[in-house]
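Working notes, structure below.
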Amino acid sequence: MLYIVPTPIGNLQDITLRSLEVLRTVDAVLCEDTRRTQILLSHFGISKPTYRYNENDPHSLTRCLESLTGGKTCALVSDCGTPCISDPGWKLVREAVKAGVKVSSLPGPSAVACALAGAGITGGAFTFLGFLPRKPGKAAKIISRAYELQNPVVLYESPYRVLKMLELIEKTLGQDTPVILARELSKVYEEWQRGRVNELIALLSKKNKIQGEFVIIIDRPAEDLKEETDETDTDF
Ligand code: SAM
């Protein structure tokens, strides 16, 4: 049995009771980084064998799979949030399913859901792109194609590259493109910035050092939203 167990994205209180119960009862925990997971486990007084799961190492995949097919119950965790969401795990899940291992995916923290809920811009469709390729040409093409779908586009970005990414969004979609930056979600310095992309570039350019984890949401232009409101039936 393989449990996919989401872990906090910043605030250690954000782990579910069920996730803790699973971590307490499994035979082993398969981790992205055993040291980070050990810190989490010891915080909750859980002592459990941990094994590194390296998505890019076929031996690691085989070892984990052998444990599962051999009847062991394992939890898969990543460094933060939900495994397999811009994180390692999906290959193991795919192979586990193929091998007939029962897989259970527990609900829990993920930066994409957390940021979108707080953005207040849609209750419906969105396009999640995670991390974009480093090559600006490739990244720009993906952004413009995704934006054509007329849904908000959600990206993950590191503090070292967030400014460059905003500049690429400006170049690709225009300076007036509305953007929401969700920084350090669930942490002490949680911060939200909303505005046109050129305004956010100006804001971040003023900082000596950009720190923290970011979710970038590219919203739809105001004209699109107006059209949508005009089309909506109003009963009131
Ligand atoms: N699996 C994770 C999830 O479910 O959200 C994502 C892991 S991915 C390697 C890390 C990226 O998630 C960061 O670079 C950032 O874009 C986003 N992220 C993670 N924690 C965050 C936080 N507390 N606030 C804002 N963004 C966060």
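Couple of notes before you dig in:
- Pair list, Cβ under 7 Å, 6 or more apart: the stretch 205-216 residue without any contact (Cβ under 8 Å) to a residue 60 or more places away in the chain, other residue among the basic types (Lys, Arg) and within 16 Å of the ligand (Cβ to nearest atom): Gly212/Arg183; Phe214/Arg183
- Test: Ser19 is within 16 Å of the ligand (Cβ to nearest atom) and buried (at least 20 other Cβ atoms within 10 Å of the Cβ): yes
- Long-range neighbours under 8 Å by Cβ, at least six apart or interchain, first residue touching a residue at least 60 places away in the same chain (Cβ under 8 Å) within the stretch 136-164, second part of a helix (DSSP H, G or I) and charged (D, E, K, R): Gln150/Asp224
- Answer residue from the stretch 172-225, given it is aromatic (Phe, Trp, Tyr) and within 17 Å of the chain's Cα centre (by Cα) and is farthest from the ligand (Cβ to nearest atom) among those: Trp192
- Checking Met165 against (1) away from the ligand (no atom under 11 Å from the Cβ); (2) part of a helix (DSSP H, G or I), the condition it does not meet: (1)
Results for (1) touching a residue at least 12 places away in the same chain (Cβ under 8 Å); (2) touching a Leu at 6+ places or on another chain (Cβ under 8 Å), shown as yes or no for each residue.
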{"residue": "Thr25", "(1), (2)": "yes, no"}
{"residue": "Arg94", "(1), (2)": "no, no"}
{"residue": "Leu106", "(1), (2)": "yes, no"}
{"residue": "Ala115", "(1), (2)": "yes, yes"}
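- Residues located in the stretch 104-114, provided they are assigned to a strand (DSSP E or B) and either within 16 Å of the ligand (Cβ to nearest atom) or in contact with a Cys (Cβ under 8 Å, 6 or more places away or on another chain) (or both): Ser105
- Check on Val188, modelled with pLDDT of 95 or more and part of a loop (DSSP other than H, G, I, E, B): yes
- Search result, residues across the stretch 182-200 that are closer than 20 Å to Pro136 by Cα and crowded, with 18+ Cβ neighbours inside 10 Å: Val197, Leu200
- In the stretch 22-46, of all residues being of a type in the set (D, E, K, R) and within 23 Å of the chain's Cα centre (by Cα), the one that is surrounded by the fewest Cβ atoms within 10 Å (Cβ to Cβ) corresponds to Arg35.
- Of all positions in the stretch 96-103, at least one carries a residue that is assigned to a loop (DSSP other than H, G, I, E, B), touching an Asp or Glu at 6+ places or on another chain (Cβ under 9 Å), farther than 21 Å from Ile9 by Cβ and not assigned by TED's automatic domain parsing to the domain that holds Phe214.
- Against the test of being closer than 30 Å to Gln193 by Cβ, modelled with pLDDT of 95 or more and within 11 Å of the ligand (Cβ to nearest atom), the options Phe126, Phe131 yield a single qualifying residue, Phe131.
- Cys31 passes every criterion in (1) farther than 24 Å from Ala96 by Cα; (2) touching a Lys or Arg at 6+ places or on another chain (Cβ under 7 Å) apart from (1).
The values are calculated or read from the model by the stated rules, or taken from the named source; none is laboratory data. Predicted, not measured: the structure shown is a model, and the values here were computed from it. When we count neighbours, we look across all protein chains shown, and the Cβ atoms used for this are built from the backbone with ideal geometry, even at glycine.
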